[in-house]
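Everything below concerns the one structure shown next.
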Amino acid sequence: MFGQPLSLGTLTQTNERAYIALEPVEKLIIRGLIQAPALNVDESGLRVAGSLHWLHVASTAHLTFYGVHGNRGYDAMTALGVLPHCHKWLVHDHFKSYYKFDALHALCNQHLLRELKFLSQEHHQRWADDMSLFLLDWKNNPLTAVGLDEAQFKLAHARYKAIVRKGRQAYPRRKPGQGRTRQCKAANMLDRLQDYDLCVLAFLLDPCVSFTNNQGEQDIRMNKVKQKISGCFRTLHGAQVFARIRGYLSTCRKQGRNIWEACYQAVIGQPFMPNVPASGP
């Protein structure tokens, strides 16, 4: 920007200073995420020191946390220290490790819509069309924004189950004792819709729950772009430095802070402290 060269050592030292200064900021972000009524979570592969690691994200519209770990599943999520303390809604893409946490679970319906579209167009499943229309109608229904009462939800739930039954006419549920033979995509989708019905319909149960996991996916996307441009991280610590700084900057952007000023404050050891929900009783 100023036409002055910077050595790699200077940049590394600057990042390290910011990483140390941002430790209390990261703790504050984690506290805010734990208190959030609904949390978007996702994970994506990351190359570190020549091997596959995983970048995990937990975020809301106002806060972002990134963590890097050598594993993808439950052990990594536990070690990063956010999800074990979340007991409200987790919005995710049905990765089974998330269900191991003591929280309320909501599924990303955008993922479901893509799979239903495939079943409709490629396998001519009429029930899949019906389910897509059902979900989209409720997504755009004004009642969803304020939350359904018990009677309204029962009617919606009954319609949902009727569509699943329609699909079951062609793909009956596998009975106990029939083994673990491979099922077609339609049967697998019907199993998921039937077993996780309240997770699919969570956005109708609580207005705090988003229809999709777009927030988590958007927060992790820029880091994938960065990896495509810059390649892998040489060390795990370097990846952790990047993740903490990136989480801080993402949070600053969400809270309307000037990013240049936020960078300067972090480097001089006086970072912006994000606004987080007040602690409950």
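Restricting attention to region 90-112, and to residues there that are closer than 13 Å to Phe203 by Cβ and in a helix (DSSP H, G or I), which single residue is farthest from the chain's Cα centre (by Cα)?
Here is the first cut: in region 90-112, the ones closer than 13 Å to Phe203 by Cβ are 91, 104-110, 112.
Right, trim to in a helix (DSSP H, G or I) and you get 109-110, 112.
On the way: Asn109: 12, Gln110: 12, Leu112: 15 Å.
Within region 90-112, the match that is farthest from the chain's Cα centre (by Cα) is Leu112.
Does Leu198 satisfy being under 24 Å from Lys154 (Cα atoms), surrounded by fewer than 20 Cβ atoms within 10 Å (Cβ to Cβ), under 20 Å from the mean Cα position of the chain (by Cα) and in the same structural domain as Trp138 (by TED's automatic domain parsing)? So that I can check it myself, show each step before the final result.
Details: under 24 Å from Lys154 (Cα atoms): yes; surrounded by fewer than 20 Cβ atoms within 10 Å (Cβ to Cβ): yes; under 20 Å from the mean Cα position of the chain (by Cα): yes; in the same structural domain as Trp138 (by TED's automatic domain parsing): yes.
Yes: the conditions hold for Leu198.
Only one residue in His123, His85 is exposed (fewer than 15 other Cβ atoms within 10 Å of the Cβ) and at pLDDT below 95. Which one?
Details: His85 fails: at pLDDT below 95.
So the residue among His123, His85 that is exposed (fewer than 15 other Cβ atoms within 10 Å of the Cβ) and at pLDDT below 95 is His123.
Among the residues of region 168-183, are any part of a helix (DSSP H, G or I), without any contact (Cβ under 8 Å) to a residue 60 or more places away in the chain and over 22 Å from Thr64 (Cα atoms)? Give the steps one after another, and end with the answer.
Pass one, region 168-183, residues part of a helix (DSSP H, G or I): 168.
Subset that is without any contact (Cβ under 8 Å) to a residue 60 or more places away in the chain: 168.
Checking which are over 22 Å from Thr64 (Cα atoms) leaves us with 168.
Yes: one or more hits.
Being among the small types (Gly, Ala, Ser) and in contact (Cβ under 8 Å) with a residue 40 or more places away in the chain is the requirement here; does Gly67 meet it? It would help to see each step written out before you state the result.
On the way: among the small types (Gly, Ala, Ser): yes; in contact (Cβ under 8 Å) with a residue 40 or more places away in the chain: yes.
The answer is yes for Gly67.
All but one of (1) surrounded by 22 or more Cβ atoms within 10 Å (Cβ to Cβ); (2) among the acidic types (Asp, Glu); (3) more than 19 Å from Cys208 (Cα to Cα) hold for Asp42; which doesn't?
Failed condition: (3).
When you go through Val146, Val164, Val200 one by one, which is the residue that is over 30 Å from Leu55 (Cα atoms) and touching a residue at least 60 places away in the same chain (Cβ under 8 Å)? Before you say what the answer is, go through the steps one by one.
Numbers: Val164 fails: touching a residue at least 60 places away in the same chain (Cβ under 8 Å); Val200 fails: over 30 Å from Leu55 (Cα atoms).
Selected residue: Val146, the only one of Val146, Val164, Val200 that is over 30 Å from Leu55 (Cα atoms) and touching a residue at least 60 places away in the same chain (Cβ under 8 Å).
Hey, Asp42 hits all of (1) assigned to a helix (DSSP H, G or I); (2) in contact with a Gly (Cβ under 6 Å, 6 or more places away or on another chain) but one; which does it fall short on?
(1)
The values are calculated or read from the model by the stated rules, or taken from the named source; none is laboratory data. Predicted model only: the values in this text are computed from it and were never measured. Cβ coordinates were reconstructed from backbone atoms using ideal geometry, including for glycine residues, and neighbour counts include every protein chain displayed.
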